[in-house]
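Engineer: Before anything else, here's the structure in question.
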Amino acid sequence: MPTTGANPELAVTGGSANPALVVNSGSSSIKFAVIHPGSGERLMDGIAEPLGSPEVVLRVRRGQAAAVEERVPGTAHDVVAWVLSHLHQPDQADLRLLGAGHRVVHGGEQFTSSVLVDDDVMAAVRSFSDLAPLHNPANLAGIEAVRAVLPELPQVAVFDTAFHQTMPPSAYRYAVPEEWYTRHGVRRYGFHGTSHRFVSAQTAAMLGRPLQELRLVTAHLGNGCSAAAVRDGTSVDTTMGLTPMEGLVMGTRSGDVDPGLLSYLVRQTGRDVDELTRALDADSGLLGLSGVSNDMRTVVASARGGNGRAQLALDVFVHRLAKAVSGLVVGLQRLDALVFTGGIGENSPLIRSLVLGRLGFLGLTEDAEANADHGRHSGGRISLPGPVLALVVPTDEELLIARDTARVIQGD
Ligand code: ADP
């Protein structure tokens, strides 16, 4: 089967002629894709939302064709059953799935890589639900739905946290009472691991250098934002922590705040901790600062139109990101490349330019023409040549899940 250079992270060995079903089952939507792990070809993909309503809208695309809309009853089971019974079009030969790969948000300290799903794995994922109450139960519902329709199909769990399990204690421990860690698992786990892992390997392939020799900071900037320090192919630090709320400014999440603000605001406003936490999660970030939107495109357009709050949102977003990148270099002791990915990282030359403008002291100088050129589907170097580079590298978490699914099932 095709492999990507000599890069073991991106390689699929063995015979995986059959595609994998990739499922990202969330609390309000299910995203799915049918992907050949070897070639990366997408036979079908789509999204169903809003889950839980009597009827969900299922937008499905086959190959390069335009998306079509279907309406199905609104449970994860109904959506998965529809997808599995519509895998092929009438004129196609039967399509056999090699297995299903699921995005699972929290694997605690137990899962350091992707695993074949069995009852013990499901129980463990359930046991981490306290750490990810919105995500893990929804991820399990996706696994259960596939199992109910195709009980024999092997399933693989791919964890957002697994890639960061290589962080040393100096990076993952909080300076809090020991018992909070030993009894309650309070530590930094990190998220977006699949994306950080994918773009790290992709960067090595683009640079033609072994991943095992590279020191990278990868910045995944989407609705959620996180950056990671990747040394020799392993994560040694990241900005997200116990939950995906720590770290960078995001679309609606605050990122880092003083933990003292919670008790202060409880006293000041009479609102309880849950309510305030929801506001930090859903009413903060770009949305809270700008008052305009959580969408970077809208914030940029408002700032250009003279909206001072939108400009402030950009300033804080960029300052905090540049500060985090330089902090992450401490875990690397040398920076070879800063990698931008995710919706903002891949599509916003402006944000990339503003961040690079603050990081000249690391040896990064923007190549303005290259930066302006690199859109979502291209990727490449956006800094002037030198020992430290900045790159845009499009992420593809679904492809990595398909490849892990093939690898785990084939036992490679
Ligand atoms: P998710 O984290 O939900 O997967 P994405 O990775 O698609 O989200 O990123 C969504 C973010 O990307 C939004 O803030 C959106 O405004 C931003 N984005 C997409 N295209 C552009 C663009 N051309 N310029 C600036 N931001 C963009």
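Only the coordinates and a few stated rules stand behind these numbers; no lab work does. The shown structure was predicted, so the numbers you read here are calculated from the model rather than taken from an experiment. Every residue, glycine as well, gets a Cβ built from its backbone with ideal geometry; the counts of neighbours run over all protein chains shown.
Engineer: Give the Rg (one decimal place) followed by the Dmax (whole number) of region 216-277, computed from C-alpha coordinates and expressed in Å.
Structural biologist: Values for region 216-277 (Cα only, Rg and Dmax): 14.7, 49 Å.
Engineer: Let me ask something else about it. I need the fraction of alpha carbon pairs in region 91-243 separated by more than 24 Å, rounded to a whole percent.
Structural biologist: 41
Engineer: Continuing with the same structure: Please compute the Cα-Cα pair-distance distribution of region 30-166 with 5 Å bins starting at 0, giving whole percents from short to long.
Structural biologist: 2, 10, 18, 21, 20, 16, 9, 4, 1, 0
Engineer: Shifting gears a bit: Counting Lys +1, Arg +1, Asp -1, Glu -1, what net charge surrounds residue 312 among other residues with beta carbon under 15 Å of its beta carbon?
Structural biologist: With Lys, Arg at +1 and Asp, Glu at -1, the net is +2.
Engineer: Also: In terms of modelled amide H atoms, which long-range or inter-chain residues lie less than 5 Å from the amide H of residue 339?
Structural biologist: 217, 218, 219, 391
Engineer: Here is a further query. For a bin width of 5 Å, list the pair-distance distribution of region 316-378 built from all Cα-Cα distances, rounded to whole %.
Structural biologist: Going out from 0 Å in 5 Å bins, region 316-378 shows 4, 17, 30, 26, 17, 7, 1 percent.
Engineer: Let me know the charge dipole size of the chain about its Cα centre in debye, to the nearest 20, where only the beta-carbon of Lys, Arg (+1) and Asp, Glu (-1) is charged.
Structural biologist: 880
Engineer: What is the P(r) of region 167-253, as percent of Cα-Cα pairs per 10 Å bin from 0?
Structural biologist: 18, 42, 29, 9, 1
Engineer: Using only Cα atoms, figure out Rg for the chain and give it as a multiple of 2.2 N^0.38 Å.
Structural biologist: Compared with the compact-globule rule of thumb, the chain sits at 0.98.
Engineer: Still on this structure: Express in whole angstrom the spacing between the alpha-carbon centres of region 288-346 and region 53-132.
Structural biologist: One Cα centre to the other: 32 Å.
Engineer: Dividing the convex hull volume of the Cα atoms of region 197-318 by its residue count, what figure in Å³ per residue is obtained?
Structural biologist: 115
Engineer: Which residues' amide hydrogens lie under 5 Å from the amide hydrogen of residue 237, considering only partners 5 or more residues apart or on another chain, with H built in the peptide plane?
Structural biologist: Excluding prolines and chain starts, which carry no amide H, the hits are 229.
Engineer: In addition: Tell me the Rg and the Dmax, in Å, that the Cα atoms of region 273-351 produce.
Structural biologist: Rg and Dmax of region 273-351, Cα atoms, are 14.7, 42 Å.
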